[in-house]
Amino acid sequence: MTNRQKKILLGVTGGIAAYKSCELARLLVQAGASVRTVLTEAATRFVTPMTFQALTGNPARTRLFDEDHEAAMGHIELVRWADQVIVAPATADFLARLAQGRANDLLTTLCLATGAPVTVAPAMNHRMWQHPATRRNLALLEEMGVRCIGPDEGDQACGESGPGRMSEPGEIAALLLGEGELFKGRNVMVTAGPTREALDPVRYLSNRSSGRMGFALAEAFHGQGARVTLVTGPVSLATPPGIERIDVESAQEMRDAVFERIGEQDLFVGCAAVADYRPEDSSPHKIKKSSDILKLRLLRNPDILAEVAALDDGPWTVGFAAETTDLERHARQKLEGKGVDMIAANRVGRGLGFEVEENALEVFWKTGQQTLPQQDKGVLARELVALIAEVMGKVNH
Ligand code: PMT
């Protein structure tokens with residue numbers, strides 16, 4: 001199913017995190033999903049139905065007994081329409097009512113009546129989150145098959161700190177949009193993060209890659225049924241569930257890890273920012289300060305992507321191109337020069353590409369190109385994965 005066909009029912013309950021649901025609605029619509037919103041009475045104290053109507057292009061509902069809305073799309077039709085339900089934010093009170101199976105407003109009624117998967121994104125004061133009643137309600141809901149995303153830990157609107165912040169809209173959108181079977185049973189290897197090229201035991205040459213884009217891709221492939229191997233340079237990111245992670249430091253180590261398993265792969269995606277050069281000599285001892293100028297001689301590193309693309313019977317290959325100027329020209333040169341099947345090019349530098357939460361891609365392959373506009377890396381990764389599946393499918397038939 002493409003995002004364009006996804007029908008997501010967004011439930012909003014009454015907490016300050018309701019303002020983040022506006023961004024969630026925007027991200028889902030931007031990714032092509034069709035979104036309908038239901039607000040509880042308490043939610044309307046924080047955000048208005050009009051906000052969601054403007055963002056989604058669909059009227060937002062608030063009450064079960066509403067003759068006008070029931071005449072247009074009755075609540076049972078709404079239940080049948082949705083293929084996913086997300087409640088964000090989900091308050092402690094909403095979780096309690098859902099766990100008890102109550103149907104005392106439109107949103108709980110819909111959650112009980114739907115056959116679609118229900119996900120909740122809790123948001124509340126950290127003491128409420130840790131209260132045994134909430135823990136018990138959540139355990140009950142999970143037992144019933146309700147999926148929970150978050151909450152995150154950190155500073156809260158109430159001025160306290162702890163677990164209870166609603167997960168970021170980008171993370172929720174990525175989770176909702178990322179499930180399918182586009183790569184079911186396929187082996188996919190993704191490289192991510194920077195490499196570190198040692199100068200001595202305490203210093204190295206590296207770059208600003210955070211690993212976010214590569215990790216988001218690994219997660220997106222996994223969401224589409226792939227067995228994912230993630231070969232990553234040093235980053236401070238948690239491993240997404242269900243993914244096999246191999247940690248490396250240098251470009252040479254990354255190459256070795258890639259080639260140990262490349263024979264099993266159907267697809268290779270090189271998202272790592274691999275250092276092109278390494279110091280000719282890595283000193284076994286810390287280099288001492290001596291003259292005013294220290295000259296370094298650097299040697300070319302292996303080009304992992306080009307080597308994978310040159311394999312006989314190798315996997316389908318997708319490379320990235322990080323460019324500060326002439327994006328298309330350089331990307332096309334890399335497509336040809338490295339002999340890959342597809343190149344995803346991003347502008348980098350000055351707050352773009354590296355480190356940041358969002359990215360935008362210009363994707364090129366022999367017979368086409370497509371722009372994937374600036375958005376959260378999680379959502380962007382889902383879009384790229386769908387595009388790769390589409391192009392691979394066309395090429396293979
Ligand atoms: O990690 P983030 O902070 O989220 O940032 C994401 C990103 C900007 C790092 C990512 O989107 C990206 O652009 N990754 C590729 C960065 C890069 O090294 O680009 P390049 O144009 O120098 O290399 C082109 C391609 O060759 C890349 O697929 C790279 O993995 C590969 N390569 C490069 C050199 C080398 N020795 N071996 C390689 O395999």
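The values are calculated or read from the model by the stated rules, or taken from the named source; none is laboratory data. Quick caveat, the model's predicted, so the values are computed rather than measured. Don't worry about glycine lacking a Cβ; one is built from the backbone with ideal geometry, like all the others, and counts go over all protein chains shown. Protein only, heavy atoms only, side chains kept; ligands, DNA and RNA dropped before computing areas. Shrake-Rupley method; radii C 1.70, N 1.55, O 1.52, S 1.80 Å.
Worth a mention:
- Each other residue within a Cβ distance under 15 Å of residue 51 adds +1 if Lys or Arg and -1 if Asp or Glu, for a net charge of +4.
- In the full protein context, region 187-396 carries 50 Å² of accessible surface per residue, based on a 1.4 Å probe and ignoring ligands, DNA and RNA.
- Count Lys and Arg as plus one, Asp and Glu as minus one, and take only other residues whose Cβ is under 10 Å from that of residue 379; the net charge is then -2.
- Overall Cα dimensions of region 187-396 - principal axes, largest extent first, Å: 59, 35, 33
- Region 183-300, relative contact order [Cα under 8 Å, separation at least 6], %: 36 percent
- Å² of accessible area per residue within region 3-177, as computed with a 1.4 Å probe and no ligands counted: 44 Å²
- The chain - percent of accessible surface contributed by carbon and sulfur, probe 1.4 Å: 49 percent
- Relative contact order for region 3-177: 23 percent, from Cα pairs under 8 Å spaced at least 6 residues apart, divided by residue count.
- Relative contact order of region 187-396, taken over Cα pairs closer than 8 Å and 6 or more residues apart, is 20 percent.
- Magnitude of the charge dipole, the chain, Cβ model with Lys/Arg +1 and Asp/Glu -1, debye to 20: 380 debye
- Of the peptides 38-46, 118-126, 156-164, the order by per-residue mean of other Cβ atoms within 10 Å, starting with the highest, comes out as 118-126, 38-46, 156-164.
- Heavy-atom accessible area ranking, 1.4 Å probe, most first, across 261, 136, 382: 136, 261, 382
- For the chain, the fraction of C-alpha pairs farther apart than 27 angstrom is 55 percent.
- Ranked by how many other beta carbons lie within 10 Å on average, peptides 174-186, 346-358, 11-23 from highest: 11-23, 174-186, 346-358
- Shape of region 3-177, Cα gyration tensor, a/c cut at 1.5: prolate
- Part-to-part distance (alpha-carbon centres) for region 260-295 and region 138-184, which is given in Å: 37 Å
- Neighbourhood charge, 12 Å Cβ-Cβ cut-off, centred on residue 92 and excluding it, Lys, Arg +1 and Asp, Glu -1: +3
- Gap separating the Cα centres of region 69-115 and region 340-397, nearest whole Å: 35 Å
- Paramagnetic reach from residue 208 (point 7 Å along Cα→Cβ, amide N under 18 Å) across region 322-346: 322-327, 345-346
- Share, in percent, of DSSP beta bridges within the chain that are antiparallel, nearest 5: 35 percent
- Proximal lysines relative to residue 338, as straight alpha-carbon distance under 27 Å, when same-chain residues fewer than 8 apart are discounted: 366, 377, 394
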